[in-house]
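In what follows, a structure is listed as structure tokens, so that the remarks can point back to it.
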Amino acid sequence: MLSKRIIPCLDVRDGRTTKGIKFKNNIDIGDPVQMARYYYEQGADEIVFYDITASSDRRNIMIAVVRQVAREIFIPFSVGGGIRSLNDMREVLLAGAEKVSVNSAAVRNPDIIAAGAKAFGSQCIVLGMDVKRVAVSQKIPSGYEIVINGGRTHMGIDALWWAQEAVRLGAGEICLNSIDADGTQTGYELTLTRLISEAVPIPVIASGGAGFPDHLYDVFTEARADAALIASMVHYGAYTIAEIKNYLHHRGIKMRLLW
């Protein structure tokens, strides 16, 4: 059995880590370079870095900050936001990332997934999915819709269909973010996570809603996620990564431990 992964998420805007609730009312949390190093030293399995306004602002990712973070950590590092082309992917990978995450750009141009997988390998290509619960309809039979541009633009695309299509195109991993749960600290969206986890043969990272260690236990056991993104529960100092891992380890979840 593979170890489950705990992945701190750094949402970055204007060079600073920020955190909001349901993609709104973001506040400044701190310096992403210092935070990445801190979480690495605590035992994070990976770090995820999202330039959260690059797509909506139609600009390139803050590559200098990516490069600075990569110098401070020695664990897998995934970067997303404003990646629209193979050249963008190449620049991020050369800056020190192991993976690139495509979200809005992939919805607009799905071929970028296939092109990235061919050029760099599927293991480098993460599909970021921002998903919102909606009424079940002929167009959205799962009841979950893809939303892009930082939660601003509803696309009328069914989330389950899009996850399976991304696998067909060559995505190696899915980072599944529930907009409804994001920042609430009331738990992951288990129904959505299990729906996608059981439908695709690639790893699924659950994102949005973690507030207590038992939320991670639930998403690993009930929703079958391969990894869990965390933010608020560590950003605000409620828990350390070591405390979270120790809790999960004692409840029978396989973890990579430092001790």
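What follows is calculated from the coordinates using simple rules that are stated; it is not laboratory data. Worth saying up front: this structure is predicted, and the values here are computed from it rather than measured. No Cβ is skipped: glycine too gets one built from the backbone with ideal geometry, and neighbour counts run over all protein chains shown.
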Proxy reagent accessibility, fewest Cβ within 10 Å first, across MET35, MET1: MET1, MET35
Protection proxy ranking of 169-179, 37-47 - average other beta-carbon atoms within 10 Å, highest first: 169-179, 37-47
Extended-chain gain in nm, criterion 0.36 nm per residue less alpha-carbon gap, ARG108 and GLU165: 19.2 nm
Within region 5-250: Cβ-based charge dipole about Cα centre, in debye rounded to nearest 20 (Lys, Arg +1; Asp, Glu -1): 580
Region 5-250, relative contact order in percent, only Cα pairs under 8 angstrom and at least six apart counted: 17
Beta bridges by DSSP in the chain, antiparallel share as percent, to the nearest 5: 30
Ranked by how many other beta carbons lie within 10 Å on average, peptides 156-164, 133-141, 200-208 from highest: 200-208, 156-164, 133-141
Stokes-Einstein diffusion coefficient of the chain, Kirkwood radius over Cα pairs, 20 °C, 1.002 mPa s, in µm²/s: 119
Per-residue Cβ neighbour rank within 10 angstrom, fewest leading, ASP130, ASP218, ASP180: ASP180, ASP218, ASP130
Cross-link pairs LYS99/LYS139; LYS99/LYS254; LYS118/LYS245 - those with Cα-Cα distance over 25 Å: LYS99/LYS139; LYS118/LYS245
Dipole-positive endmost among GLY15, ILE241, ALA227 within region 5-250 (Cβ charges, Cα centre): GLY15
Using a Förster distance of 30 Å, the FRET efficiency for TYR236-HIS154 (Cβ separation, nearest 0.05): 0.50
